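*Asks:* Sharing a structure here in C-alpha cells format.
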Amino acid sequence: MKIAYVTTYDAADTSVWSGTGHHIGKSLEAQGHEVIYVGPLEDRGGRMVSLQRMITRAVRKRFLRERDPAVTRGYAEQTEQKLDGQDVDWIFSPGTIPIGELGGSTPVAFWTDATFEQMIDLYPEFESLSTRTIDDGNRLEQKALDRASVAIYASDWAARSAIADYGADPTKVRVVPFGANMPVDRTARDVELIIANRPSHVCRLLFVGVDWHRKGGDLALAITRRIHDSGIRCELTIVGSNPDVPESMKDLVNVVGFVSKKTAEGREQLEQLFAAAHFLLMPSRAECFGVVFAEAASFGVPSIASDVGGIPSAIRDGVNGFTFPLRSIVENAADQIAILWNHSLKYDELCRSAFVDAHQRLTWSAAGHAVSEILHEMHPSRTTFALRTPPRPRVSVITVVRNAAEGIEHTIQSVLDQSYDNIEYIVIDGASTDGTTDIIKGYADRIDKFVSEPDRGIYDAMNKGIDFVSDPESYVIFTNAGDRLFSPRAIEQAVAKGRGADLVYGKMRLTDGDASGVMGKEVTLDD
C-alpha cells in the first residue's frame, strides 16, 4: 500500500516524542509499504493566534497554539496541497492534530497514545488550559475521530476514552502497543547471559525519566528505602533527572542524569544500564503508555510500576512485570521485589517471560505488522455491506428562531452537515424582521418544512414544529437558533448508543465567549 505519513514535525528527528513518531513511520516501511513523508508542516496561524496566546498568558492560562483552528486548518491545507494529484491508499498520522481538518475522501488513520480529553491536567503542559483551548482541542479531537476510518491507540485506556468521551464507533477503534525506541536485536541466548551476569549480592533498580515528579521519582526513592530497610541490599540508578537525594540515601542512589539516545555513546550507556538492572522501577503518577517498559523488557528486565493511564497495556502482570495502585505502591512494589529477589527461579522465569512478551508485542516490528494488518482489513475497498439492512429510525430536527440572523446559519449548517441519512429538518420562524428568513431561504432545498409566521412565543413555536413531524415513531430533537450539534456524527452516534430506546438523553456544552461548561446529569424514569 501507498501511505502518506503526515507529521507536524520532522519524522526523521528521533528527539521528538522520544523518537516514537520516527519509529512509527519506519515500522510502516518495514512492512513493505511505500511511505510518503508529509512534514514538517508549517504553523500558519499568524499574528492573531500569537495575540490570543499573549492574552491567555496574561490571565495565567495556557494556550495550545497547535490546536487553534487557524493553525490546524493550515496543517490540513498544506497536506492537501502536497498530496494533490497523488494516489495514496491511506493518510496516516501519529496524532490527531494534522488530520482533524482534512477534507477529501482518502481513508485516514492515526496511531497515538491518548485522547485530548485525557491529557487535560494530566501532564504539566496541559495544566491550566484556557476554556478556548479546551473547546478547540475537544472539537479537533472529535473531527479527527469522525474523519478517520480507523483510530489506533497504544492502550486500552486511551481506546476507552475515544469511545466514552467522543462517541467513537467501537468497530473502528483498535489497540496496538508501541515498540521499544532502542535496538531489540538480542536473542534469547543473549538475554540468558544478561540475566546470568547480574549480581546476586545487590538488587539493582533503574529509574528512567526526565519529569521527576510525574514519573514518581520520590516514590522510587521511598520504595528503595523500604527494600533496604527490609534487609535487602539495593541501589537505585536514576537516568534522565537530577534530583536532590536525601543525605541518608546517597549511598543507595546513583544519579546518572540525562543520556541522549541520539548518540552512539548514549545508546551504549543506556544498553549497559538496562542490562545491569534487575528491575525497572517506574511508579508514575501519570503516563499515557511508557515506551521505556518495552525497552526494559527487550533486555529481560521486569518492570514494577503504577497502574495509572496506559501502563497496564504495556505491563502485563506476571508476564513482564507488575503494576500496583498508586496509593499503595510503596508497600506493594517493595514487597513484590522482595518476593522475587528471595526466589531466584521465579525471578529468572519472569525475566525470560518479559523478553518473549517484548518480541511478541512490544517491538516496532511486531507493532508495525499489527497496524499493517489493520490497514488492510479496514480499508474501505475491502468493506462489504449486507444486501439488505434494516431501516434506520427517522430523526426530526426542529429549529425555532426569531430575529437571529447572526447565528442561525451556524445552526442550520450543523444540522445539514450530519452524517445520519434519515433526518427530517423543520424550521419554525416567528416572523423575523432582521434578515433571518433570507438566510433560511438560502437552504430551502435542504429543509423539509419551513414556516415563517407570528406565534405566541418559543413554546408555541416548538409545539408547532412537533405538529409538522411526519413520522409518529420519529425521534425529535430541538436545535434552536444559536445551538449547534456537537459534531457531524452527533445524531448518528446518539441513535447508535440509544439502541432503539424511546428516549436518548445526553449532555450539552454551554459556551459564552471564553466561558464554557458541560451540563447534564443522569435521568431516571419510573416504569
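*Asks:* How many nm is it between the label spots at D448 and D84, if each spot is 7 Å from the Cα in line with the beta carbon?
*Replies:* According to this spin-label approximation, the distance is 4.0 nm.
*Asks:* Can I ask one more? Of the listed pairs K2/K82; K172/K497; K61/K507; K143/K497; K61/K143; K2/K261, which have alpha-carbon separations greater than 21 Å here?
*Replies:* Violating the 21 Å Cα-Cα cut-off are K61/K507; K61/K143; K2/K261.
*Asks:* Where does the charge balance sit around E77 when Lys and Arg score +1, Asp and Glu -1, over other residues with C-beta under 9 Å from its C-beta?
*Replies:* So the environment of E77 carries a net charge of 0.
*Asks:* Would you please give the residues with an amide H less than 5 Å from that of A151, counting only those at least 5 places away or on a separate chain, with H modeled from the backbone geometry?
*Replies:* V173, R174
*Asks:* Taking every eigenvalue of the Cα gyration tensor of segment 4-138, multiplying by 5 and rooting it, what semi-axes result, largest first, whole Å? Provide the component values of the computation, followed by the final result.
*Replies:* Numbers: eigenvalues 156, 59, 31 Å².
Semi-axes (√(5λ), whole Å): 28, 17, 12.
*Asks:* Can you give me the distance in nm between label points at I55 and S105, each placed 7 Å from the Cα along the Cα-to-Cβ direction?
*Replies:* Roughly 4.0 nm, to one decimal.
*Asks:* Show me, for segment 149-155, the HN-Hα J-couplings you get by feeding each phi into the Karplus relation (A = 6.51, B = -1.76, C = 1.60, θ = phi - 60°), rounded to Hz, glycine and proline as x.
*Replies:* Result, rounded to whole Hz: 7, 8, 10, 10, 10, 7, 8.
*Asks:* Report the semi-axes of the equivalent ellipsoid for segment 226-265 in whole Å, largest first, where each axis is √(5λ) for an eigenvalue λ of the Cα gyration tensor.
*Replies:* 26, 12, 6
*Asks:* Taking the alpha-carbon distance from K449 and a cut-off under 16 Å, which lysines remain once sequence neighbours fewer than 8 residues away in the same chain are dropped?
*Replies:* Within reach: K441, K464.
*Asks:* Right, another one. Lys and Arg at +1, Asp and Glu at -1: add these up for the other residues within a Cβ distance under 15 Å of H228 and post the number.
*Replies:* Taking every other residue near H228 into account, the sum is -1.
*Asks:* Per residue, how many Å² of accessible area does the chain show with a 1.4 Å probe? Can you show the working numbers first?
*Replies:* Working: 25700 Å² over 527 residues.
So the chain comes to 49 Å² accessible per residue, rounded to a whole number.
*Asks:* What is the packing order of peptides 116-126, 17-27, 200-210, 457-467, taking the mean over residues of other C-beta atoms within 10 Å and listing the highest first?
*Replies:* Working: 116-126: 16.7, 17-27: 21.3, 200-210: 18.5, 457-467: 15.0.
Highest to lowest by the protection proxy: 17-27, 200-210, 116-126, 457-467.
*Asks:* Say R0 is 22 Å: what FRET efficiency, to the nearest 0.05, do A264 and E192 get from their beta-carbon distance?
*Replies:* 0.30
*Asks:* Over the alpha carbons of the chain, what is the largest minus smallest coordinate on each principal axis, giving the biggest first in Å?
*Replies:* Cα spread of the chain along its principal axes, largest to smallest: 89, 54, 48 Å.
*Asks:* N403 to S248: extension gain in nm, 0.36 nm per residue of separation minus the Cα-Cα distance?
*Replies:* Once the chain is fully extended between N403 and S248, it gains 48.5 nm.
*Asks:* Here's another thing I want to ask about it. Taking the Cα centre of the chain as the origin, how large is its charge dipole in debye, to the nearest 20, when only Lys and Arg (+1) and Asp and Glu (-1) carry charge on their Cβ atoms?
*Replies:* Values: 56 positive and 74 negative charges, 188 e Å.
My answer is approximately 900 debye.
*Asks:* Quick one: length gained pulling R456 to H213 fully straight, 0.36 nm per residue minus the C-alpha distance?
*Replies:* 81.4 nm
*Asks:* What is the dipole size for segment 209-353, taken about its Cα centre, with +1 at each Lys and Arg Cβ and -1 at each Asp and Glu Cβ, in debye to the nearest 20?
*Replies:* 200
*Asks:* OK, next. Within the set of other residues whose C-beta is less than 12 Å from the C-beta of D434, count the net charge using Lys and Arg as +1 and Asp and Glu as -1. Present the calculation step by step, with values, prior to reporting the outcome.
*Replies:* Numbers: positive: R402; negative: E406, D429, D438.
With Lys, Arg at +1 and Asp, Glu at -1, the net is -2.
*Asks:* Between R327 and E377, how high is the FRET efficiency from 1/(1 + (r/R0)^6) when r is the Cβ-Cβ distance and R₀ = 45 Å? Nearest 0.05.
*Replies:* Numbers: r = 41 Å, r/R0 = 0.90.
FRET efficiency, R327 to E377: 0.65.
*Asks:* Next up: In cubic angstrom, how much convex hull volume per residue do the alpha carbon atoms of segment 182-249 span?
*Replies:* 110
*Asks:* Rounded, prolate or oblate: which one fits segment 191-350, using the alpha carbon gyration tensor with axes a ≥ b ≥ c (rounded when a/c is under 1.5, else prolate when a/b beats b/c, else oblate)? Mind showing how you got there, number by number?
*Replies:* Values: a/c = 1.09, a/b = 1.04, b/c = 1.05.
Rounded shape, in that the Cα axes give a/c under 1.5.
*Asks:* Based on the inverse mean of 1/r over its pairs of different Cα atoms, what is the Kirkwood hydrodynamic radius of segment 282-432, in Å?
*Replies:* Computed over Cα pairs of segment 282-432, the Kirkwood hydrodynamic radius comes out at 20.6 Å.
*Asks:* While we're here: Search the structure for amide H atoms under 5 Å from the amide H of S396, placed 1.01 Å from N in the peptide plane, and list their residues when 5 or more places away or on another chain.
*Replies:* For S396, whose amide H was placed from the backbone, the distant partners under 5 Å are E424, Y475, V476, I477.
*Asks:* Related question: Rounded, prolate or oblate for segment 439-518? Axes are the square roots of the Cα gyration tensor eigenvalues, ordered a ≥ b ≥ c, and the cut-off for rounded is a/c under 1.5.
*Replies:* Because a/c hits 1.5 or more and a/b fails to exceed b/c, segment 439-518 counts as oblate.
*Asks:* Can I ask one more? Subtracting the Cα-Cα distance from 0.36 nm times the residue separation, let me have the gained length for R392 to L345 in nm, one decimal.
*Replies:* Length gained, R392 through L345: 11.0 nm.
*Asks:* Calculate, in whole percent, how much of the Cα-Cα pair population of segment 22-78 lies beyond 15 Å.
*Replies:* 60
*Asks:* Sticking with this one: Could you work out the helix-only [θ] at 222 nm for the chain, with each DSSP H run of four or more residues adding -39,500 (n - 2.57) and the total divided by the number of residues, to the nearest 500 deg cm²/dmol?
*Replies:* -11500 deg cm²/dmol
*Asks:* With a Förster radius of 30 Å, plug the Cβ-Cβ distance of K172 and E77 into 1/(1 + (r/R0)^6) and report the FRET value to the nearest 0.05.
*Replies:* 0.75
The values are calculated or read from the model by the stated rules, or taken from the named source; none is laboratory data. From a predicted model like this one, the values you see are computed outputs, not experimental measurements. All Cβ positions, even for glycine, are placed from backbone atoms using ideal geometry, and neighbour counts span all protein chains on display. Accessible surface areas use protein heavy atoms only, side chains included; no ligands, DNA or RNA. Shrake-Rupley method; radii C 1.70, N 1.55, O 1.52, S 1.80 Å.
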